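Rule-based calculations on the coordinates, nothing more; no lab input. Every value quoted in this text rests on a predicted model; they were computed, and no experiment measured them. Note that we place each Cβ from the backbone using ideal geometry, even for glycine, and neighbour counts take in every protein chain shown.
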Amino acid sequence: MSQEQAHRRIVLPPSTVSSRHRPVGNRIRGIRARRSADLIDAVHRLDVAVDQATRDSVAAHIRAEYERDVGEVPLGFVAPCALGPPYVDHILDLGQTIVEHYGPADAMPEPFAQARMLVRSGAYAYVEVYLSGTVVPVLADGTAVV
């Protein structure tokens, strides 16, 4: 390592490291944490919930799971749509529990648009989109692909 590279290296004391990756009990908390089967099911239930009260309840459950297990709540999710044609995917928003469905030719707004091709690949249960712009695909088994 050159002297210039050595000067650029920053080492933070443990007290200043984000809680996003700290152990919680015997689990690792952070965006790399495995998502529970219950959480994956809840994200999919949000899409099919008919009334607003049910959506609000499911969204509150999802927020609580993310706060407890991940330490950060996504801005929203992009997921395959279960409604079928003409819809192929949708955005789930926990802030107002809005579910917006999109057809193949519909433009999806940023920052969600960058997650769309990942969802359309069929490889992921859904993709988390964070306010920071971070996009985290989640496999059907709950593995976060970071």
Using a Förster radius of 25 Å, what is the FRET efficiency between residue 63 and residue 123 based on their Cβ-Cβ separation? Nearest 0.05, please.
0.45
Semi-axes of the range 60-122 from the Cα gyration tensor (sqrt of 5 times each eigenvalue, largest first, whole Å) come to 23, 12, 11
Local electrostatic count, residue 113, Cβ distance below 11 Å [Lys/Arg +1, Asp/Glu -1]
-2
In nm, to one decimal, how far is the modelled label at residue 100 from the one at residue 143, with both set 7 Å along Cα→Cβ?
3.2
